[in-house]
Structure formats: structure tokens, C-alpha cells
Amino acid sequence: MKFPGSVLASVFLFVAETTTALYLSSTYRSRGDGMWQALTLLFSLLPCALVQLTLLFVHRDFSRDRPLVLLLHLLQLGPLFRCFEVFCIYCQSGRIEEPYVSITRKRQMPKNGLSEEIEKEVGQAEGKLFTHRSAFSRASVIQAFLGSAPQLTLQLYISTLQQHVTVSRGVFMGLSLLSIVYGALRCNILAIKIKYDEYEVKVKPLAYVCIFLWRSFEIATRVIVLVLFTSVLKAWVVIDILINFLSFFFYPWILFWCSGSPFPENIEKALSRVGTTIVLGFLTLLYAGINMFCWSAVQLKINSPDLISKSQNWYRLLVYYMLRFIENAFLLLLWYLYKTDIYMYVCAPLLILQLLVGYCTAILFMVVFYQFFHPCKKLFSSSVSESVQKWFECACSDCRPQRSCESAEKSDLRSPADREETPSSSKISSVPSQILNADEFSSA
């Protein structure tokens, strides 16, 4: 049985980040910074409550008679109790013979075009550990993008205004960045396992390293760009955030309404229509929060039973990173034009170049992951490099007819005398535009 290391990592980040946030908020209070204290507590306690609700929802404890568990979650001690329960199950597994086992069937990755189906016996202890891992993975994603991401942006903004970083704030920002990167990594792994649920997925260590570097560069550069822009144009950053957030929030709903599908009723049997709507609203909220800072790795599909589109769309990925790169460059340009005296000793062109190169480095690691280290790359109909090449070929082919039409229009606008001296229109269309321009010059 696999060691529950992901559970331990999630609990460590949860406890460390919450404890550091409480200590940092107390320092803000002692200095008289009431607004910074309130925002720090808000971005710390709100994800804590959402994590408790997520653990209760995944384990379905609302419909079970477990008052002690509900009390511990109410006291924000749910993750610690769940972690203790996980290690109790792990330590007791193998000592007691389980009377009931279930059989699961998974397909192996194709080898030489063939894919074998294997059967595996899963005991009750392993099934419980799987549920715990799934619950903590979802909790890590929620904590990362609804708590750690705005928290890191806030603390970096405070450090920029005060022009110094205290030890406690530096540790807190490091933990927040680590939590976001870990949440993005768990989001990638969850997306792979949901999309390829019928296959036995094994992620290699180099794939984890590649995802970690990809997400680190992407998230760090995005947060720095937002902080720089906020420090000079506070009102306009609200518009930028609202456009980004509302676009990603309503995009899945627009696709659902355009499809004409009925309202999904199979998310959870115990939920009413209002409860299902609340759950779907929370999922779209989380989806928008993820895409605010990085690529979500999944496409939310409300009319699907799994709520996730299992098709691999490289063009959506390409469009996302192109638009995000353009947005980052535009925000940096505005920061450069309106920067204040606090950046007097900062080499602005060098900083802009470093941030843009850092974002390109993130895209490079993303391409390397999908091209070489993705555990299910053998199932791709086309690789990411082939899809990008086809996209550019289509874009170039769309531009060629326009150029030929423009040359034909130029030939029609010439005088009748010039037309008699030139060959017929069928021959003109086959002659390159440079030769046409030379003929026009000689006739003139």
C-alpha cells in the first residue's frame, strides 16, 4: 500500500500557512495596520472554512451520525483529525485480514499498439485511503487558489509599498507560493486521473519536477505582474481582475446554456436542486480562481456527468497562454509608463525582460511536460508541438488567399492600355506579386 505522503504534505502546508498568517496578523495589529490585519485574516480563515466543508462533503459526513467529527471541523481541526485517521488506517493495514474486497479493472498504457486490461483487488483499507487522498487533493487546490494566491499577492503588495520584507512575511510568502504550486500540481494530477480514469496512470518523478518548475515560473511571474500594476494603477487593476474572473466564471455556464442540455441532477443523490446549484457555483468560482493565476489543466463542462471535458484541446491551451502573455506584457508596459518614485532604484527594462522571459520559461517547461513526460502521451491523437505547427500552418494558409485577392484587385485598377500590354488574368494570378510590381514600374 502506497504511503500517504500527499496527505501529510497537504496538512503540513495547511497548518504552517494558517499559523504564520495568525502570527503575521498579530504583528499588523501591534503596529496599528488594521486594514492589513483584516485582509490577512480574511484570506486565511475563508479558505480554512472551505477546506472543512470540502472534507465533510467528500466523506459525506453531513448525512452520517458523527457529532465529534463535525465538532472538530467546526473548530478548524478537521484536517488534523483526518490525517490522524489516515495514518491509523495505514499502520493497521496488512495486520488484519479483510473479509471483503472489491475488484477494479484498469487498462495499461498501450505497448506496440496493444493495451491489456488488468484486474486488481482493493480492500476496504485501501479504498478508505483513496477517498482520503482524493479529499485532501481537492482541499489543497481550494486552499491554494482561494486563499494562498490572494494572500501572496497581498503580502507582496504590502512589501512593495513598505519597501522592505520582514522575516515573518518572507516566510509566509514562501509558504504561500509553495502552497499555490503544490495546489496547481495536484490540479494537474487530478485532471490526468479524471480524464484517463479507465487507465492505470503512473506519474514519474521527472514529470513531477517538470510540473513543479512550470507552475513555479508561471505563478511567480503572474503574481509579480499583478502587484507591480496594482502599485501604480489601483483602480484599473479592479477592472482587469473583474474581466478575468467574470470571463472564466461565466464561460462554462454559457457553454452549458448554448448546448441546451438539461440541468445536471447526478452530482450527488442527497443534494436538492438548490444544493446542486450551489455546488456548481462553487466549482465555477474555483475554476475562475485557478485561471486567474495559471492554466487550470481542465475544461469545466457542466453538462457532463464528470463535470470535466475529457477531450485534449491544444488550441484552447495555446490561446490561453498567448492572451495571458499579451496581457502580462500590456500590464508591464502600463507599469513602466506610470511607475512612481518607489521604483527609483529599479532597472525597469531589465525587470520587464526578466518577467517576460520567466513566463516564456514556464511555457517551455509546460511543452516539455506534455511532449516527453506526460504519463498518457501515448493516448494523444497529436502532440502539442504538432498541434501548434498545424495551427500556424492554418494561420498562414488563411493569409495567402487574402494576398492573392489584393494583387488581383491591384491588377483590375490599372488602365485599359496597361491591361493590353500585360498577359491575361489567369496568367497574372500565377505570377508572384514582386514580378507584377516590376511590370507596373516598367509600364509607367
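Of the GluC sites (Glu not before Pro) in segment 254-363, the ones in a loop by DSSP (not H, G, I, E or B) with at most 14 other beta carbons within 10 Å are Glu265, Glu268.
Taking the convex hull of the Cα atoms, report for segment 184-337 its projected area averaged over all directions, in nm².
Details: hull surface 44.2 nm².
For the Cα atoms of segment 184-337, the hull's average projected area reads 11.0 nm².
Just the accessible area per residue of segment 153-253, please: how many Å² with a 1.4 Å probe? Mind showing how you got there, number by number?
Numbers: 4300 Å² over 101 residues.
Solvent-accessible surface per residue comes out at 43 Å².
The alpha carbon convex hull volume per residue for segment 149-260 rounds to 118 Å³. Within segment 89-221, the ratio Rg/Rh, alpha carbon atoms throughout and Rh by Kirkwood, equals 1.12.
Scaled against the 2.2 N^0.38 Å expected of a compact globular protein of N residues, the Cα radius of gyration of segment 1-91 reads 1.28. Computed from the Cα positions only, the extents of segment 287-356 along the three principal axes stand at 55, 20, 15 Å, in decreasing order.
A straight Cα-to-Cα reach below 28 Å connects Lys195 with the lysines Lys2, Lys106, Lys111, Lys120, Lys128, Lys204, Lys269, Lys301, Lys310, Lys377, Lys378, Lys390, residues fewer than 8 places away in its own chain not being considered. Near the amide H of Gln299, within less than 5 Å, lie the amide hydrogens of Ser309, all on another chain or at least 5 residues away, with H placed in the peptide plane.
The values are calculated or read from the model by the stated rules, or taken from the named source; none is laboratory data. Source: prediction; values computed, not measured. For neighbour counting, all protein chains shown are included, and Cβ atoms are generated from backbone atoms with ideal geometry for every residue, glycine included. Quick note on the areas: whole protein, heavy atoms, side chains included, nothing else; ligands and nucleic acids left out. Shrake-Rupley method; radii C 1.70, N 1.55, O 1.52, S 1.80 Å.
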